[in-house]
Every structure is written in C-alpha cells, then in structure tokens.
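The structure appears right after this line, and notes come after that.
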Amino acid sequence: MKRRTLYLILCLFALASCSPKGPYAVTNKYYSNKTKGFVKTIEKQLPDSLRDSTGMQIPSEWVGTVNFGIRKPNYVIIHFTAQDSVQQTLHTFTVTSTQTSAHYVIAKNGKVFHMVNDYLRANHAGLGKWGSVTDMNSCSIGIEIDNNGSEPFTDAQISSLLALLAQLKTTYNIPQANFIGHQDFAPKRKPDPGPFFPWKRLAQHGFGYWSDDILELAPDNFDYPIALRLIGYDTSDIKAAVVAFKQHFVQTDIGPQLTQLDLNVLYNVYQKY
Ligand SMILES: [Zn+2]
C-alpha cells in the first residue's frame, strides 16, 4: 500500500513537471492579472478634489484626443546577476519578497528569458542618477546577464545580447549613448556589469561608446569632474564616479585614481556625448 502511494505521488509529480504550462504557470498567471489591473490606472483621470483658481474642478471637462501612444523606453541598463545560476535568478524575480526584476535575463548558453513587457516598469535600476534622470526604471529596459561578478561573460551570452540590443535600439529608437551599465547609473551602490563586460565590442555595434585607438593628451586645465558629469555620471561622490568610469571605459585598472592614460580616455570619450 505504501509503495502504491509512493508510486502515485511520483506519477503526480512527473505530470506536474511535464505540464504544458511549466513550472512558472502560477507566476505567469499573476503577471497576466497584474497587467489587466493597469488598464484601470490608464483610464483614471485626475482626483475630483483638484480645483483651478476659480474653484472649478480640474479638469473641467475630459476631451479624448485621437493622437497618442504608449511611452517608450529610452535607455538600456546592463547588469550582471551576481548569482550562481539562471534558475536562481528566475526564482529571485518570481517571488514578491525580493521586489526586484528585469525585462530580460540572459543565460550562459545564450538563452534569453523575457520577464516584463518592454513598455512596463521593471525593478532593476533602483536609486541613482544619470544626467538628470533619477527614475531610471520608468524609462529603461533592464537586462540581467547570468554571471557571478568575477568571471568572463560567455560568447553565447554576448551574441544573444547583441541581437537583443539591435532589436531594442531599432524598435524604440534608443540613442547610442543611452546603453549604459548599472554602475554608471548607481556608482555609489553597484559594481555591475564590471570590468569583464565587453563594452568595446558593444560600442563597435553602436551600443554605448568606447574611446578611439589614438588618444590625444588631455590638456593641463582639463576639468575631469565636469567631463564625468557631461557624460552623465553623478559626481556627488567623485571617487565612486571615477571608479565607475574606469570599470566601464578603462577596465584594465579600476583604482580610484585617474592616471594620465585615464585622463586621456576621459578627454576622448566625453567629447562623444
Ligand atoms: Zn544591477
């Protein structure tokens, strides 16, 4: 009897794992219901309590235009997961307690998981500043690459990433300068995607910038904090900004000091922005 019960449990388990809906059927349903709930938000107008200078309600009248669309993402933020497997990351992004997510996750074998529609807001960038953008989650696509933070990225991952970036750049008309790393946006908090990330190769394909092969000497009066700020860095902590810049644009040395070579790279790169 006991053996039969065990057999039944094993059969049920096998059926569940072979279900056409897969192991994420419950979170897929949750996602679907949440997106349906956004329809109510989109249809909502301003609160009744808002009044204009004459005491009239704002708005006094609703007149629907016929010319409008959905707001589009204008930045792409690249991350590493700092986790040990893509399964671990999929789990992290499908439990509510973590409150984190990304639009895409790229596995080591190049497989791409899509987890949030591009037009929706994923919780990937958090607090930070790039230029005057502070709410990066509202205007960007977040791409997480399965990588523990101290290993090279795989060729399969970068090939898939380049295909995905080409699609995103064309679809949403994202400027070349707006492909950046999480550390660029949050230099005080984040180290990703780190010095192993092939920014040069991305720049060769039109995603982000990289310095020219031949560098001019940075002038003696070169104001490097202003150059960093013009690129987009938050320079309120100048050391953190320098390290973030070097992890992205120098990579061979990532210390907090600017060498003559670093200054030359910065002088070259900032003129592209
Ligand atoms: Zn990140």
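The values are calculated or read from the model by the stated rules, or taken from the named source; none is laboratory data. Bear in mind that the values here come from a model prediction, so they are computed numbers and not experimental data. Here the Cβ is made from the backbone with ideal geometry for all residues, glycine too, and neighbour counts use every protein chain on show. Remember, those area values only see protein heavy atoms, side chains included, never the ligands or the DNA or RNA. Shrake-Rupley method; radii C 1.70, N 1.55, O 1.52, S 1.80 Å.
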How long are the three semi-axes of the equivalent ellipsoid of the chain, in whole Å, if each is the root of 5 times an eigenvalue of the C-alpha gyration tensor, listed from largest down?
38, 31, 16
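Would the stretch 65-203 count as rounded, prolate or oblate if I go by the C-alpha gyration tensor, calling it rounded below 1.5 in a/c and otherwise prolate when a/b exceeds b/c, oblate otherwise?
Rounded, because the longest to shortest axis ratio a/c is under 1.5.
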Check the straight Cα-Cα distances from Lys239 and name the lysines below 28 Å, setting aside those fewer than 8 residues away within the same chain.
Lys129, Lys188, Lys190, Lys200, Lys272
Using each residue's phi in the stretch 207-214, evaluate 6.51 cos²θ - 1.76 cosθ + 1.60 at θ = phi - 60° and report the 3J(HN,Hα) Karplus result to the nearest Hz, with x for Gly and Pro.
10, x, 10, 9, 6, 6, 5, 9
Based on DSSP H runs of at least 4 residues, each adding -39500 (n - 2.57), what is the mean residue ellipticity at 222 nm of the chain after dividing by all its residues, to the nearest 500 deg cm²/dmol?
-11500 deg cm²/dmol
Can you give the accessible area of Thr92, probe radius 1.4 Å, in Å² rounded to 10?
30 Å²
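What order, most packed first, do the peptides 103-114, 251-262 have when packing is the mean number of other Cβ atoms within 10 Å of each residue? Intermediate results must be reported in sequence, preceding the final value.
Working: 103-114: 17.8, 251-262: 13.1.
Order by mean packing, descending: 103-114, 251-262.
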Check which residues have an amide H placed less than 5 Å from Gly181's amide H, if you skip close sequence neighbours.
Ile78
What are the lysines whose alpha-carbon lies under 24 Å from the alpha-carbon of Lys36, with same-chain residues fewer than 8 places away excluded?
Lys21, Lys44, Lys72
Just how large is the dipole of the stretch 60-182 about the Cα centre, in debye to the nearest 20, putting +1 at every Lys and Arg Cβ and -1 at every Asp and Glu Cβ?
220 debye
The correct ranking of Arg71, Arg51 by accessible area at 1.4 Å, largest first, is Arg71, Arg51
Of Ile145, Ile231, Ile78, the one that fluctuates the most in a GNM where the chain has Cα springs shorter than 10 Å:
Ile231
Please sort 157-166, 135-144, 61-70, 32-41 by packing, taking for each peptide the average over its residues of neighbouring beta carbons within 10 angstrom, highest first.
135-144, 157-166, 32-41, 61-70
Considering Cα pairs under 8 angstrom that are at least six residues apart, work out the relative contact order of the stretch 146-273 and quote it in whole percent.
26 percent
Quick one: putting +1 on the C-beta of Lys and Arg, -1 on the C-beta of Asp and Glu, what dipole do you get for the chain around its Cα centre, in Debye to the nearest 20?
1580 debye
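Among all helices in the chain defined by DSSP H, which have a length of 27 Å or more along the axis from Cα atoms plus a Kyte-Doolittle mean of at least -1.0? Could you put the intermediate results ahead of the total?
Numbers: long enough: 25-43 (29 Å, -0.76).
Membrane-span-like by this criterion, though nothing is claimed about a membrane: 25-43.
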With unit charges on the beta carbons (Lys and Arg positive, Asp and Glu negative) and the dipole taken about the Cα centre of the stretch 159-273, which residue among Pro193, Gly232, Val265 sits farthest to the positive side?
Pro193
Taking K and R as +1 and D and E as -1, what net charge do the other residues with C-beta under 13 Å from the C-beta of Asn117 add up to?
+4
Once the Cα atoms of the stretch 137-221 are picked out, what are the Rg and Dmax in Å?
14.4, 44
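If you place +1 on the Cβ of every Lys and Arg and -1 on the Cβ of every Asp and Glu, how big does the dipole about the Cα centre of the stretch 139-206 come out, in debye to the nearest 20?
I would put it at about 280 debye.
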Name the residue farthest towards the positive end of the dipole of the chain from the options Thr92, Ser32, Ala203, assuming +1 on Cβ of Lys and Arg, -1 on Cβ of Asp and Glu, about the Cα centre.
Ser32
Need one word for the stretch 113-175: rounded, prolate or oblate. Basis is the Cα gyration tensor (sqrt eigenvalues a ≥ b ≥ c); a/c below 1.5 gives rounded, then a/b vs b/c decides.
oblate
